[in-house]
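Written below as structure tokens is the structure these notes are about.
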Amino acid sequence: MDKTEEAADILAEYNQQHIITLLKKLDEAKKQELIEQINNIDFHQLKELYDNTKKEIEIKENKIVAIDYLDKEKLSKNETERFNNLGENIIVNGKYAVVTMAGGQGTRLGHTGPKGTFKLDVYGKGKYLFEILAENLKEANKKYNVTIPWYIMTSKENNNATQEFLEKNNYFGYDKNNVMLFEQGELPLMDTDGKLLIGKDLKIKEASDGNGGVFCSLRKTGMLSDMKERGVKWVFIGGVDNVLLKMADVTLLGMAIDRNPKERVGVFCKMNGHPKVIEYSELPEKMAEEVDNNGELKFGESHIMCNLFTIDAVEKISKEPLIYHSAFKKNSYVDENGKEIIPTEPNSYKFEAFIFDSFELFDDIAILRGKREDDFAPVKNKEGVDSPKTAKELYEKYWEKINKSMN
Ligand code: UTP
């Protein structure tokens with residue numbers, strides 16, 4: 001059987017006849033490209049992921065209990081100082097690295113180009129999201145007299161654009177030898193009938209496989225080895241779109257070190273005895289409203305994409321299989337007549353692993369509660385909640401407060 005027939009057989013088995021039709025229409029070079037892509041796709045896994053989209057997510061209330069946390073605001077002066085010293089020691093001695101996950105599609109924001117290249121309208125002139133992150137790290141470098149290695153996870157789709165943007169802006173003054181870009185993995189996109197989408201390049205359309213892909217990509221691209229060679233022991237992993245993200249927070253780092261017999265990080269409940277993050281939308285309503293004796297929400301700790309791992313924890317997770325969730329998103333595609341369709345409503349499943357699913361691999365984690373107005377100003381949606389408008393307000397307010405306290 002020749003390669004075309006082999007590919008057609010797999011496609012027929014997995015109900016992808018539209019791709020067989022496409023294969024027949026392509027010239028030889030394009031056909032070979034598509035066949036190679038088909039050979040690299042795990043159709044069995046995709047079928048499972050598709051079947052999962054039809055299942056209800058079931059979370060049993062009696063298996064979920066609250067998880068302990070420390071409140072940054074309520075730490076005693078001594079405690080804060082102790083944590084800060086522990087944290088500073090790691091950074092000053094070059095044992096700290098930062099990873100920014102910038103491989104997302106940013107579909108809700110609707111900005112063309114990588115999300116980090118979005119310019120937030122602050123202080124009249126505006127600042128790019130990457131610029132805000134670089135400033136945060138540069139400040140830490142100055143304070144601790146080091147250059148923290150900065151690893152940026154991109155997607156296959158946005159890697160070149162990210163690289164060019166950073167070059168053009170001279171890495172916002174960051175030492176470029178300490179900025180390492182690496183690409184994350186991808187999975188095909190699928191419509192509601194389980195058909196794979198075709199892209200403009202007449203290949204199966206793929207998209208990055210979720211922020212949980214960070215661990216495996218760090219290892220596969222050699223970044224984990226690079227960290228080890230540099231003597232890194234602690235790895236901060238954060239998102240690209242929170243303009244108040246503190247990437248070198250010595251209190252958080254010190255707390256994690258202090259409570260790290262079993263490698264811990266930050267988040268909000270325990271299920272079946274293991275730490276877990278449950279999205280609020282998936283938490284039974286009764287539980288979402290439950291309060292403790294002090295009137296505080298029992299499940300009040302939200303995960304804000306601000307994570308700290310030991311290098312050993314990163315390595316351990318990178319070798320575990322990922323659990324994939326499906327996100328229903330807007331993705332353009334090419335129909336059977338070769339016409340590009342740009343949907344106005346979500347039309348397809350993107351399969352994504354979440355970074356916080358890795359927490360379940362550990363017996364316990366530590367959580368530091370921050371203040372929303374100090375730590376969390378996400379740029380997610382074009383308008384309304386968590387939009388550039390709300391992020392601008394929070395960012396300017398925060399820096400006004402800081403500047404005032406320094407005068
Ligand atoms: P979100 O889950 O908010 O996704 O990402 P997003 O891609 O930015 O936006 P939407 O959902 O399409 O509107 C949280 C963080 O994880 C990164 C994002 O770049 C962001 O920093 N991320 C997400 C990745 O690096 N890779 C992914 O595959 C998904």
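Since every read-out is calculated from the coordinates, none of them should be taken as a lab result. Just so it is clear, the model here is predicted, and its values are computed rather than measured. When we count neighbours, we look across all protein chains shown, and the Cβ atoms used for this are built from the backbone with ideal geometry, even at glycine.
Between the helical axis of 77-92 and the longest alpha-carbon principal axis of the chain there is an angle of about 50 degrees. Only DSSP H runs of four or more residues enter the estimate; each adds -39500 (n - 2.57), and after division by the residues of the chain the mean residue ellipticity at 222 nm equals -10500 deg cm²/dmol. Helix 388-406 and the long axis of the chain differ in direction by around 20°, with both axes built from C-alpha atoms. Structure note, pairs Lys54/Lys319; Lys115/Lys389; Lys246/Lys371: Cα-Cα distances above 18 angstrom occur for Lys54/Lys319. Considering only alpha-carbon pairs that sit under 8 angstrom and 6 or more positions apart, the relative contact order computed for the chain is 22 percent. The ellipsoid equivalent to the alpha-carbon distribution of region 60-211 has semi-axes of 34, 25, 15 angstrom, derived from the gyration tensor eigenvalues as √(5λ) and listed largest first. For Asn93 and Lys3, the difference between the fully extended length at 0.36 nm per residue and the C-alpha to C-alpha distance is 26.9 nm. A Förster radius of 22 Å combined with the Cβ-Cβ distance from Leu297 to Asp363 puts the calculated FRET efficiency at roughly 0.35. Between Pro114, Ile91, Pro188, the Cα set farthest toward the positive side of the dipole of the chain (charges on each charged residue's Cβ, about the Cα centre) is that of Ile91. Under the combined filter of DSSP loop state and at most 10 neighbouring Cβ atoms within 10 Å, region 300-379 retains these trypsin sites (Lys or Arg not before Pro): Lys319, Lys339. Note on region 304-373: Cα convex hull, mean projected area over all directions, 8.1 nm². With the highest mean first, a sort of the peptides 138-151, 164-177 on other beta-carbon atoms found within 10 angstrom per residue produces 138-151, 164-177. Please report, to two decimal places, log10 I(q)/I(0) for region 332-375 at q = 0.18, 0.21, 0.27, 0.31 Å⁻¹ as given by the Debye formula with identical point scatterers on the Cα atoms and no solvent. For region 332-375, the Cα-only Debye profile gives -0.76, -0.85, -1.02, -1.10. Roughly what angle does helix 3-13 make with the longest principal axis of the chain, taking Cα atoms, 0 to 90 degrees, to the nearest 10? Tilt of helix 3-13: around 70 degrees. Sorted from greatest to least, the principal axis extents spanned by the alpha carbons of the chain come out as 72, 53, 43 Å. In loop segments of region 1-90 as defined by DSSP, the GluC sites (Glu not before Pro) with at most 13 further C-beta atoms inside 10 Å of their C-beta are Glu56, Glu58. Given in Å, the Rg to one decimal and the Dmax to the nearest whole number for the Cα atoms of region 270-340 are 19.3, 63. With a Förster radius of 56 Å applied to the beta-carbon distance between Asn40 and Lys74, the computed FRET efficiency rounds to 0.60.
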